[in-house]
Amino acid sequence: MQSPEILPHLFRNEYTKIVSVLCKHIGFERIEIAEEIASETFLTATETWGIKGNPENPTAWLYAVAKNKAKNYLQRNSVFQNKILPELTKSQPETLESEIDLSPENIYDSQLSMMFTVCHPSISPEAQVGLSLRILCGFGIEEIADAFLTNKETINKRLFRAKEKLREEKISIQLPKPEEIEERLDPVLSTIYLLFNEGYYSISQNKTLRKDLCLEAIRLCSMLVENQITNKPQVYALLSLMCFHTSRFEARQNENGEQILYQDQDTNLWNYELIKKGEIFLNKGASGTKLTKYHLEAGIAYWHTQKEDTKEKWENILQLYNRLLQLQYSPIAALNRTYALSKANGKKEAIIEAEKLDLRENHFYFALLGELYLDIDRSKSEENFRKALSIAKTSQAKISIQKKIDQLSK
């Protein structure tokens, strides 16, 4: 099967739209057929466009070819004729006669429904993210393997098992009933959150930041806020959180891809339009009565977009971290809290709290201790930076840490 990378990133969305509509038309249990038809469509495009040049309307061309290939498959494929056709004729004869609808409205509905299908709680969170990357974002198997720091064989097996599980559960491609939305939203939002984090804290492709993963997460969350059934406060809060983080992308790494620490970022590179959008979404997220981790993390991210280094800023961030840890403890959140603690109450208190965490497998832990000890004990600072260097996983991280060590040696 050809992967969607055969055409530029711009057309990945078209691949996912075609797969979603075809799955809705013929059923999720035949998702491989939908993927095959979409892949063949793009393969035909590369062959034809390479000879004749791009058509006047590439999207319309792709949809027309996909429709024809789908019709031909449904009419001629022997497996379909001999095994699937009898069952379809009994249970859903309208599928055979109805036109494949690639209108914007049906594409939107299909993708939104597919989001709830691949994020069904019957499969593991890792499988949900993997399927989302494959079906909703158009990522190839190699890219997904890269994001999870594993190999293609592992990803293929994981996705196969997830699809089989969804078939066994007979999950239909449709939006949950309004009374089920709140419960079913949780795994969907968790998947989008994990997808964003895969990009924001990336060690895949030896990168500090994978913008493509982050932007796909924002796109999926935006679909949820645009729908009256799914635009719940926690959805706005998550979108707000991602907008705030995305606003600092350009300042977060230098031209060599090395990470720039928050205190060293050029605030002129922050995207203030995105910050404003984040504020609007955060205000909309405040309309409900349910406080989620997305609300608290969005609040923390908001204060990080306030460039003035005031005590009020860091005290607010510290209090938000305290509430977040009470709501849902995370070692990484606890580690991040110690930096806010150092800014609010001083480095000595922060060092005591940080060393209690003892996150010896995390290079950020030792890097933070290196920073905290910098003006207190230079030998301990260097010792911690060297420990961070020894376990850092990307070349960019290693270069950044080595620079810190070199500065201490001067």
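The values are calculated or read from the model by the stated rules, or taken from the named source; none is laboratory data. Because the structure is a prediction, the values reported are computed rather than measured. Here Cβ is always computed from backbone atoms with ideal geometry, including for glycine, and neighbour counts include all displayed protein chains. Side chains included, ligands, DNA and RNA excluded: accessible areas come from the protein's heavy atoms. Shrake-Rupley method; radii C 1.70, N 1.55, O 1.52, S 1.80 Å.
Brief remarks on what is shown
- Residues located in region 380-410, provided they are over 14 Å from Leu368 (Cβ atoms), out of contact with any strand residue (DSSP E or B) (no Cβ under 7 Å at 6 or more places or on another chain) and of a type in the set (S, T, N, Q): Ser390, Thr394, Ser395, Gln402, Gln407, Ser409
- Residues in region 335-351 that are open to solvent by less than 20 Å² (accessible area, probe 1.4 Å) and either touching an Asp or Glu at 6+ places or on another chain (Cβ under 8 Å) or within 16 Å of Ala298 (Cα to Cα) (or both): Thr338, Ala340, Leu341, Ser342, Ala344.
- Scoring Leu324 on the criteria (1) buried (at least 20 other Cβ atoms within 10 Å of the Cβ); (2) closer than 22 Å to Gln253 by Cβ leaves a single failure, condition (2).
- Test result for Lys290, open to solvent by 70 Å² or more (accessible area, probe 1.4 Å), closer than 30 Å to Lys398 by Cβ and in a loop (DSSP other than H, G, I, E, B): no
- Among the residues of region 29-65, those that are closer than 24 Å to Phe160 by Cα, at pLDDT 85 or above, open to solvent by less than 50 Å² (accessible area, probe 1.4 Å) and of a type outside the set (S, T, N, Q) comprise Ile31, Ile33, Ala34, Glu35, Ile37, Ala38, Phe42.
- The requirement of being crowded, with 18+ Cβ neighbours inside 10 Å and not in a loop (DSSP other than H, G, I, E, B) is not satisfied by Ala251.
- Answer residue from region 352-399, given it is surrounded by 15 or more Cβ atoms within 10 Å (Cβ to Cβ), more than 21 Å from Thr338 (Cα to Cα) and of a type outside the set (A, V, I, L, M, F, W, C) and is nearest to the chain's Cα centre (by Cα) among those: Thr394
- Taking region 137-200 and the helices (runs of 4 or more DSSP H) fully enclosed by it, the elements with 3 or more residues that are out of contact with any helix residue (DSSP H, G or I) (no Cβ under 7 Å at 6 or more places or on another chain) are at 152-168, 181-200.
- Qualifying residues in region 150-166 (those that are among the hydrophobic types (A, V, I, L, M, F, W, C) and surrounded by 13 or more Cβ atoms within 10 Å (Cβ to Cβ)) - the one farthest from the chain's Cα centre (by Cα): Leu166
- All conditions in (1) part of a helix (DSSP H, G or I); (2) within 22 Å of the chain's Cα centre (by Cα) hold for Tyr329, with the sole exception of (1).
- Only residues that are surrounded by 13 or more Cβ atoms within 10 Å (Cβ to Cβ) and part of a loop (DSSP other than H, G, I, E, B) were counted in region 262-287, giving 4.
Yes or no, residue by residue, for (1) among the hydroxyl-bearing types (Ser, Thr, Tyr); (2) more than 15 Å from Ser113 (Cβ to Cβ); (3) surrounded by fewer than 21 Cβ atoms within 10 Å (Cβ to Cβ):
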residue: Gly140; (1), (2), (3): no, yes, yes
residue: Phe148; (1), (2), (3): no, yes, yes
residue: Glu168; (1), (2), (3): no, yes, yes
residue: Pro176; (1), (2), (3): no, no, yes
residue: Arg184; (1), (2), (3): no, no, yes
residue: Leu194; (1), (2), (3): no, yes, yes
residue: Tyr201; (1), (2), (3): yes, yes, yes
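- Residue within region 337-353 that is in contact with a helix residue (DSSP H, G or I) (Cβ under 6 Å, 6 or more places away or on another chain) and not in a helix (DSSP H, G or I) present: no
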